[in-house]
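Have a look at the structure below, then the notes.
The values are calculated or read from the model by the stated rules, or taken from the named source; none is laboratory data. As the structure is a prediction and not an experimental result, all values here were calculated from the model. Cβ placement follows ideal geometry from the backbone for every residue including glycine, while neighbour counts extend to all protein chains displayed. Note: accessible area is taken over every heavy atom of the protein model, side chains too, but ligands, DNA and RNA are not part of it. Shrake-Rupley method; radii C 1.70, N 1.55, O 1.52, S 1.80 Å.
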Amino acid sequence: DGGITQSPKYLFRKEGQNVTLSCEQNLNHDAMYWYRQDPGQGLRLIYYSQIVNDFQKGDIAEGYSVSREKKESFPLTVTSAQKNPTAFYLCASSVTMNTEAFFGQGTRLTVV
Amino acid sequence: KNEVEQSPQNLTAQEGEFITINCSYSVGISALHWLQQHPGGGIVSLFMLSSGKKKHGRLIATINIQEKHSSLHITASHPRDSAVYICAVPLGGSQGNLIFGKGTKLSVKP
């Protein structure tokens, strides 16, 4: 089945540790995105990638890093510089930046 | 200023009722998205529309580009429709770089 897989669904980390969230898609999409969702707020764009080996900062990129070494994969690293990392993180992909996006199931990160 | 406003924020309905969720936006757009988020968090894209009306099963989405307004309707609502419904519009020409509303939490009681 084609789709977007995020893992794990729940993730716990100690404050000060970096953590990497996985996002894999087998839809052959060029574009991939990472969003963050906080209670009572709309989703906000962290980073996006239009094509392999290219990525751009979104609205709230500080404290995050990404890589796009393969078309299928767009991992997000939450670094210790991110002041409020506890949130729900959603990955999405689309054929191109101008076509409809498809979303993963999300990863809920809790930093204690 | 929120560029995408949804109303109501919360909605409780009885099974079978007709539901309407509204979305207003301030930016010029080429298309608008309606998304559904279930309690587990995963998001499903319901509609992407740029004009008129689209229908899928019991869901109907309409958009008025001139008035910068869209509505999502659910006919014969069912408890399994309980979810958060989110409206989103693209930033610039990119359908993937979206501005999201805060969502409408719908609860349908049996």
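Here is how the numbers come out for the structure above:
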| item | result |
| --- | --- |
| In the stretch A:1-19, the residues that are under 26 Å from B:P39 (Cβ atoms), out of contact with any Lys or Arg (no Cβ under 6 Å at 6 or more places or on another chain) and touching a residue at least 24 places away in the same chain (Cβ under 8 Å) | A:G2, A:G3, A:I4, A:T5, A:Q6, A:S7, A:P8, A:K9, A:L11, A:F12, A:R13 |
| Strands (runs of 3 or more DSSP E) within chain B that include 2 or more residues of a type outside the set (V, I, T) and in contact (Cβ under 8 Å) with a residue 60 or more places away in the chain | B:4-7, B:10-14, B:19-25, B:32-37, B:83-91, B:94-100, B:104-109 |
| Qualifying position, being open to solvent by 10 Å² or more (accessible area, probe 1.4 Å), more than 14 Å from chain A (Cβ to nearest Cβ), at pLDDT below 95 and more than 23 Å from A:G106 (Cβ to Cβ), among B:G52, B:G92, B:G16 | B:G52 |
| Residue count, the stretch A:56-70 (criterion: at pLDDT 95 or above and crowded, with 18+ Cβ neighbours inside 10 Å) | 3 |
| Any hit, the stretch A:15-36, residues being surrounded by 15 or more Cβ atoms within 10 Å (Cβ to Cβ), in a loop (DSSP other than H, G, I, E, B) and in contact with a Leu (Cβ under 6 Å, 6 or more places away or on another chain) | no |
| Subset of the stretch A:72-86 [within 22 Å of B:I43 (Cα to Cα) and either assigned to a loop (DSSP other than H, G, I, E, B) or open to solvent by 10 Å² or more (accessible area, probe 1.4 Å) (or both)] | A:E72, A:S73, A:F74, A:P75, A:T77, A:P85, A:T86 |
| Residue under evaluation B:K105, criteria (1) surrounded by 14 or more Cβ atoms within 10 Å (Cβ to Cβ); (2) away from every other protein chain (no Cβ under 14 Å), criterion not met | (2) |
| Test result for B:S45, within 14 Å of another protein chain (Cβ to nearest Cβ) and among the hydroxyl-bearing types (S, T, Y) | yes |
